[in-house]
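Q: Got a structure here, written out as structure tokens. Questions coming.
The values are calculated or read from the model by the stated rules, or taken from the named source; none is laboratory data. Keep in mind that what you see is a predicted model, and the values were worked out from it rather than measured. Here the Cβ is made from the backbone with ideal geometry for all residues, glycine too, and neighbour counts use every protein chain on show.
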Amino acid sequence: MAKIFCVANQKGGVGKTTTTVNLAAGLAKVGQRVLMVDLDPQGNATMGSGVDKRQMALSVYDVLLESASVAEAAVFSEKCGYHVLGANRELAGAEVELVEVERREKRLKTALAEVDAAYDFVLIDCPPSLSMLTLNGLCAAHGVIVPMQCEYFALEGLTDLVNTIKQVHANLNKDLAIIGLLRVMFDPRITLQQQVSDQLKSHFGDKVFDTVIPRNVRLAEAPSYGLPGVVFDPSARGSQAFVAFAQEMVARIVKL
């Protein structure tokens with residue numbers, strides 16, 4: 001049975017897409033069968049997985065409108081080692097088109113149930129806003145991975161996200177919980193980041209992942225080559241951290 005995780009944070013620019021594609025590549029590297037679902041109309045996770053969003057015959061848009069199945073729409077990224085259910089600008093229209101339809105927030109959950117046996121992990125890259133697309137992701141998921149920078153504004157955004165998750169848990173998805181907080185773009189030389197990191201650990205305890213993703217130029221360069229950092233430069237510190245994070249995720253899931 002596939003474990004389905006949203007990578008979500010209502011604050012923009014915190015590295016959600018970087019986390020999604022590199023965790024997917026890291027999990028593939030340690031022998032897991034992975035599907036990466038891009039729910040952001042910008043399609044950055046799609047392009048960052050070596051798939052051209054302009055050339056896709058079918059996308060997550062078709063899956064949400066039930067004109068294609070996940071098996072039909074997903075493509076395998078040879079370079080990255082995982083399947084991609086991609087997104088492009090068409091997806092922006094899904095927001096409007098889903099308003100009138102039945103089970104609109106459960107469309108993705110229903111579609112993923114059909115490929116449950118084909119994958120070990122499904123990772124969903126959510127847009128930064130709380131939209132119908134994000135809601136589909138949260139309703140489909142078993143848990144949420146929250147990437148966050150160790151800055152005070154990030155703590156405020158985290159409070160909003162926790163409240164959203166509580167509401168979705170209470171009304172739409174009883175399985176939903178925060179799996180863990182991932183500290184990203186971390187620079188140990190900055191005292192403030194150390195202080196916020198310590199606050200996170202004291203407040204959330206073992207919900208904070210042990211792995212820390214350092215600030216790393218190679219991770220930032222990788223998307224311009226259409227690849228996750230883990231594939232683009234496996235020896236980079238950031239890439240090695242994501243492989244370690246993938247191993248920690250596998251170990252954590254065994255305990256769930």
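Q: Within the range 210-235, work out how many residues are touching a strand residue (DSSP E or B) at 6+ places or on another chain (Cβ under 7 Å) and touching a residue at least 40 places away in the same chain (Cβ under 8 Å).
A: 1
Q: Which one of these is among the acidic types (Asp, Glu) and in contact with a strand residue (DSSP E or B) (Cβ under 7 Å, 6 or more places away or on another chain): ASP52, ASP38?
A: ASP38 is the lone residue from the list that is among the acidic types (Asp, Glu) and in contact with a strand residue (DSSP E or B) (Cβ under 7 Å, 6 or more places away or on another chain).
Q: Looking at (1) surrounded by fewer than 23 Cβ atoms within 10 Å (Cβ to Cβ); (2) in contact with a strand residue (DSSP E or B) (Cβ under 8 Å, 6 or more places away or on another chain), which one does MET1 not meet, given that it meets all the others?
A: (2)
Residues checked against (1) crowded, with 16+ Cβ neighbours inside 10 Å; (2) more than 11 Å from VAL70 (Cβ to Cβ):
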{"site": "LEU91", "(1), (2)": "yes, yes"}
{"site": "ALA94", "(1), (2)": "yes, yes"}
{"site": "VAL99", "(1), (2)": "no, yes"}
{"site": "ARG104", "(1), (2)": "yes, yes"}
{"site": "ALA111", "(1), (2)": "yes, no"}
{"site": "ALA117", "(1), (2)": "no, yes"}
{"site": "PHE121", "(1), (2)": "yes, yes"}
{"site": "ASP125", "(1), (2)": "yes, yes"}
{"site": "PRO128", "(1), (2)": "yes, yes"}
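Q: Right, another one. Write out, first by first residue and then by second, each pair whose Cβ atoms fall under 6 Å of each other, whose residues are 6+ apart or on separate chains, and whose first residue, in the range 156-185, is of a type in the set (S, T, N, Q) while the second is modelled with pLDDT of 95 or more.
A: Correct list of pairs: ASN173/CYS139.
Q: Scan (1) within 20 Å of the chain's Cα centre (by Cα); (2) over 24 Å from VAL51 (Cα atoms) for the single condition ILE190 breaks and write down its number.
A: Failed condition: (1).
Q: Considering only the range 1-21, state which residues are β-branched (Val, Ile, Thr) and either modelled with pLDDT of 95 or more or under 8 Å from the mean Cα position of the chain (by Cα) (or both).
A: Correct list: ILE4, VAL7, THR17, THR18, THR19, THR20, VAL21.
Q: A follow-up question, please. Among the residues in the range 226-242, are any at pLDDT 95 or above and closer than 21 Å to ILE178 by Cβ?
A: yes
Q: Which residue is nearest to LEU39 (Cα to Cα), if the candidates are limited to the range 178-198 and must be surrounded by fewer than 16 Cβ atoms within 10 Å (Cβ to Cβ) and of a type in the set (Val, Ile, Thr)?
A: Among residues in the range 178-198 that are surrounded by fewer than 16 Cβ atoms within 10 Å (Cβ to Cβ) and of a type in the set (Val, Ile, Thr), the one nearest to LEU39 (Cα to Cα) is ILE190.
Q: Tell me, which helices (runs of 4 or more DSSP H) wholly within the range 1-101 include 3 or more residues that are within 25 Å of THR164 (Cβ to Cβ)?
A: 16-29, 44-47, 60-64, 90-98
Q: Name the single residue that is farthest from the chain's Cα centre (by Cα) among those in the range 212-238 being buried (at least 19 other Cβ atoms within 10 Å of the Cβ) and under 26 Å from ASP198 (Cβ atoms).
A: ASN216
Q: Tell me the residue from LYS106, LYS79 that is more than 30 Å from ASP233 (Cα to Cα) and basic (Lys, Arg), please.
A: Exactly one of LYS106, LYS79 is more than 30 Å from ASP233 (Cα to Cα) and basic (Lys, Arg), namely LYS106.
Q: Could you check ASP175 against (1) within 27 Å of TYR61 (Cβ to Cβ); (2) surrounded by fewer than 16 Cβ atoms within 10 Å (Cβ to Cβ); (3) in contact with a Lys or Arg (Cβ under 9 Å, 6 or more places away or on another chain) and say which number it fails?
A: All conditions are met except number (3).
Q: Sort through LEU35, LEU39, LEU23 and tell me the only one that's closer than 14 Å to VAL230 by Cβ and crowded, with 21+ Cβ neighbours inside 10 Å.
A: Residue meeting the stated conditions: LEU23.
Q: Here is a further query. Select from the range 140-155 the residues that are surrounded by 14 or more Cβ atoms within 10 Å (Cβ to Cβ), more than 19 Å from LEU123 (Cβ to Cβ) and in contact (Cβ under 8 Å) with a residue 60 or more places away in the chain and list them in ascending order.
A: Within the range 140-155, GLN149, ALA154 meet the criteria.
Q: Could you tell me how many of the residues in the range 199-211 are surrounded by 17 or more Cβ atoms within 10 Å (Cβ to Cβ) and part of a helix (DSSP H, G or I)?
A: 1
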